[in-house]
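Colleague: Shown below is the structure under consideration.
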């Protein structure tokens with residue numbers, strides 16, 4: 001693949017993920033409760049609502065953290081011994 | 001953490017027990033260490049589930065948290081116990097470092113780690129007995145139920161880890177403890193030790 | 001928990017270690033029942049899974065008959081009471097996900113393929129592997145026992161929402177629901193052990209020369225699935241312990257009257273429940289990715305893209321689970337975020353489908369039986385994926401929630417995974433497993449006899465769901481707006497299609513056992529494939545390889561213009577056989 005194509009692809013990925021993060025931020029910050037939604041207010045109190053939000057965030061990000069730590073550890077252990085193989089194909 | 005498989009050049013790995021001239025397969029770490037690490041990751045998620053449930057249950061309790069008519073948890077005594085457990089972890093880490101240089105000198109710190117761990121579990125048992133006598137039971141409130149559930153689950157892990165450590169101590173006395181096995185057990189004991197302060201903070205306060 | 005540590009001292013603890021010392025004669029028991037050989041353990045998982053699939057299929061037959069002909073005495077079952085109906089649908093779901101899809105796709109194929117494809121002689125923890133199967137078998141027995149205890153099996157749906165599941169006075173199955181929870185928990189323990197084994201084996205036991213990007217996609221996928229499973233199962237085990245305590249020792253974790261919170265269970269359950277979908281999906285896609293290059297005689301298009309999209313799927317799969325609670329009253333802020341992430345996860349999956357289609361482009365396609373299954377996987381799964389977008393958007397989900405539209409949607413995802421993926425893998429690796437070829441004609445009859453009725457079952461259910469038909473209803477006779485003759489006709493149509501589909505499975509069972517002894521002998525490498533399992537004899541003996549292979553290249557070098565042969569096995573050195 002030519003270099004500019006590769007860079008363009010990388011740029012596209014970066015832009016897309018940036019836009020996705022922005023979209024998430026926007027929709028997360030300005031929720032609209034739909035009047036037809038009969039079940040949008042079931043939280044018992046403000047504290048309960050916050051607790052659910054916090055525990056959702058905690059449970060969601062913790063596994064990524066664990067895997068990230070494991071990958072870093074593996075990388076650290078392998079990179080000194082990794083050596084290129086004489087290539088027989090592209 | 002050190003390799004238990006002595007690296008002999010970049011592509012050749014020799015098993016420390018000398019039993020098998022392992023083929024040229026590069027090992028990231030001893031199997032036991034990786035297996036234990038993966039298991040610990042699953043365990044961390046188990047406790048994360050308990051902690052989240054506990055955090056949510058706090059906000060839905062009927063009459064405040066902790067309930068006014070229930071005994072308080074022994075925060076100060078447990079602080080002492082927490083210190084004992086942390087010391088035990090440090091002692092084991094020291095034992096491993098010494099072990100890599102001189103196997104025999106690791107015996108004393110290993111024993112200290114083991115005894116401090118046993119002290120932690122025993123102290124917890126005594127605490128439980130007094131709490132039960134004061135009326136905090138599994139069914140008395142969700143507060144009590146979560147206390148026994150989370151702390152009990154941690155204690156079960158501690159007991160299992162101590163059994164493994166005791167078996168390894170015997171191997172150590174016989175000079176038969178392999179570094180891979182020691183490193184694996186060490187990972188698991190660090191998990192038990194490292195999990196505790198988090199649980200202490202979340203459950204007792 | 002001591003096993004990962006102590007197993008290291010096992011005599012089989014390392015590949016290549018025991019070449020000379022264990023090719024002695026083994027008794028039947030130690031060879032087939034208490035074996036530590038990964039191939040035998042894989043077979044054990046497979047046969048147990050197939051046995052459970054027959055039970056799960058029979059349950060589907062019984063409750064579909066009740067829906068089509070309410071009140072009728074079902075042949076082979078009898079009259080289906082409302083309690084039995086609930087128990088049947090609950091256990092159909094439980095069995096098909098936990099005792100069919102998981103054991104066959106991950107445990108059976110994982111056990112059989114991982115050491116063979118990595119070029120080693122066994123898993124790194126063989127005894128842990130055996131223990132994993134034994135616990136799994138125990139869990140299956142506990143589940144089967146729950147059907148025959150007093151008051152019957154658990155009927156609170158496979159999601160087991162409290163308070164229905166927590167209190168015997170609601171569920172009316174005091175023993176059944178407890179046994180159900182225990183069985184599910186045991187099953188998780190078994191797969192945790194299996195997963196640790198798979199991941200460690202992939203990290204430590206690859207053949208010399210096999211780098212990260214030389215590993216076949218299916219191995220990657222099974223390992224990724226194991227990682228996802230390990231990281232998501234913890235909270236559900238926590239919830240299951242709490243549920244078990246609520247059922248048995250009278251705690252009130254999920255009882256609002258005592259300060260508990262039933263929504264908490266949904267939280268813990270779906271944190272596992274949705275990644276679980278990807279846990280079974282990834283191995284199925286991996287199997288398809290193995291089959292398509294072989295029968296298109298082309299290099300897999302964009303190997304690394306497949307893996308990176310799989311990683312992206314894995315990461316995103318932790319961000320989608322709350323979409324199951326859109327109408328459980330979650331915070332609207334959460335609903336918004338989870339809508340976006342849910343729609344987003346279709347991007348990497350769509351990319352994998354495109355990669356498979358791109359692999360086909362310009363290839364020399366042979367429509368063999370495994371290839372037919374692999375191609376049908378793409379078509380059927382896309383229907384499931386696209387209907388999922390309507391359900392992932394919280395606005396439309398509020399109206400579709402718990403209708404047959406949801407049911408048809410997830411059957412269009414799970415059927416390709418658990419049935420099509422399994423048949424693809426089984427027909428593809430059958431020669432390697434048993435040393436003989438399956439009959440192609442019977443295989444094609446079975447293929448068309450499964451795919452056509454499958455669509456005829458679930459397309460009517462989409463329509464019924466759009467018309468408002470609610471799930472988990474024993475009989476629609478008492479719902480005037482759902483009992484119209486048009487809707488009833490669709491139900492009968494779906495049920496008749498199901499019966500036809502189940503009958504065609506007999507063709508497969510016949511083919512399977514007939515070919516065991518009468519099939520054409522398969523050589524070492526009947527498909528001219530590249531991956532290492534085709535280097536071993538068919539079926540591979542104890543220790544797998546006569547000579548441990550060394551790897552020189554990636555797994556998908558087909559139809560290279562600079563070579564005479566259109567394949568280039570991973571273990572063949574460049575100079576010895578190139579043109």
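The values are calculated or read from the model by the stated rules, or taken from the named source; none is laboratory data. Every value quoted in this text rests on a predicted model; they were computed, and no experiment measured them. Quick reminder, even Gly has a Cβ in these numbers, built from the backbone with ideal geometry, and neighbours come from all protein chains shown.
Colleague: Which number in (1) in contact (Cβ under 8 Å) with a residue 60 or more places away in the chain; (2) closer than 30 Å to residue B:33 by Cβ marks the one condition that residue C:166 misses?
Modeller: Evaluating residue C:166 over (1) in contact (Cβ under 8 Å) with a residue 60 or more places away in the chain; (2) closer than 30 Å to residue B:33 by Cβ leaves (2) as the failure.
Colleague: A further question on this structure: Which residue, of B:28, B:33, B:40, B:56, is more than 7 Å from chain C (Cβ to nearest Cβ) and surrounded by fewer than 24 Cβ atoms within 10 Å (Cβ to Cβ)?
Modeller: B:40
Colleague: Take residue B:121 and decide whether it is over 30 Å from residue B:174 (Cα atoms), in contact with a helix residue (DSSP H, G or I) (Cβ under 7 Å, 6 or more places away or on another chain) and modelled with pLDDT of 95 or more.
Modeller: Judged against the criteria, residue B:121 is not a match.
Colleague: Next question, about the same structure. Within region C:397-407, is there a residue that is assigned to a loop (DSSP other than H, G, I, E, B), within 14 Å of another protein chain (Cβ to nearest Cβ), over 17 Å from residue C:286 (Cβ atoms) and in contact with a helix residue (DSSP H, G or I) (Cβ under 6 Å, 6 or more places away or on another chain)?
Modeller: no
Colleague: Would you mention how many residues in region C:524-544 are surrounded by fewer than 22 Cβ atoms within 10 Å (Cβ to Cβ) and within 14 Å of chain B (Cβ to nearest Cβ)?
Modeller: Number satisfying all stated conditions: 1.
Colleague: Could you count how many residues in region B:166-190 are part of a helix (DSSP H, G or I) and either within 10 Å of another protein chain (Cβ to nearest Cβ) or in contact with a strand residue (DSSP E or B) (Cβ under 7 Å, 6 or more places away or on another chain) (or both)?
Modeller: Qualifying residue count for the region: 12.
Colleague: When only residues in region A:28-54 that are at pLDDT 70 or above and within 7 Å of chain C (Cβ to nearest Cβ) count, which is farthest from residue C:232 (Cα to Cα)?
Modeller: Result: A:49.
Colleague: Mind listing just one residue for me: the one in region C:196-213 that is farther than 22 Å from residue C:304 by Cβ, part of a helix (DSSP H, G or I) and facing chain B (nearest Cβ under 7 Å) and, of those, modelled with the lowest pLDDT?
Modeller: C:204
Colleague: In this structure, is residue C:196 under 17 Å from residue C:135 (Cα atoms) and crowded, with 22+ Cβ neighbours inside 10 Å?
Modeller: Taking the combined requirement at face value, the residue satisfies it.
Colleague: I would also like to ask the following. Does residue C:192 satisfy the criteria of being facing another protein chain (nearest Cβ under 7 Å) and closer than 19 Å to residue C:277 by Cβ?
Modeller: yes
Colleague: Also, I was wondering about something else. Which condition breaks for residue C:454 when tested against (1) assigned to a helix (DSSP H, G or I); (2) at pLDDT below 95?
Modeller: (2)
Colleague: Sticking with this structure for a sec: Name the helices (runs of 4 or more DSSP H) wholly inside region C:291-386 in which the number of residues that are within 19 Å of residue C:555 (Cα to Cα) is 1 or more. I'd like the intermediate steps shown before the answer.
Modeller: Values: elements: C:303-316, C:332-344, C:346-360.
By residue number, C:303-316, C:346-360.
Colleague: Next up: Can you name every residue in region C:146-177 that is buried (at least 19 other Cβ atoms within 10 Å of the Cβ) and part of a helix (DSSP H, G or I)?
Modeller: C:146, C:171, C:176, C:177
Colleague: Which of the numbered conditions does residue C:253 fail, given that it passes all the others? Conditions: (1) within 11 Å of chain B (Cβ to nearest Cβ); (2) buried (at least 24 other Cβ atoms within 10 Å of the Cβ); (3) assigned to a helix (DSSP H, G or I).
Modeller: So residue C:253 meets the others, but not (3).
Colleague: If I filter region C:339-360 down to residues being in contact (Cβ under 8 Å) with a residue 40 or more places away in the chain and more than 22 Å from the chain's Cα centre (by Cα), which single residue comes out as farthest from residue C:444 (Cα to Cα)?
Modeller: Top of the filtered list is C:339.
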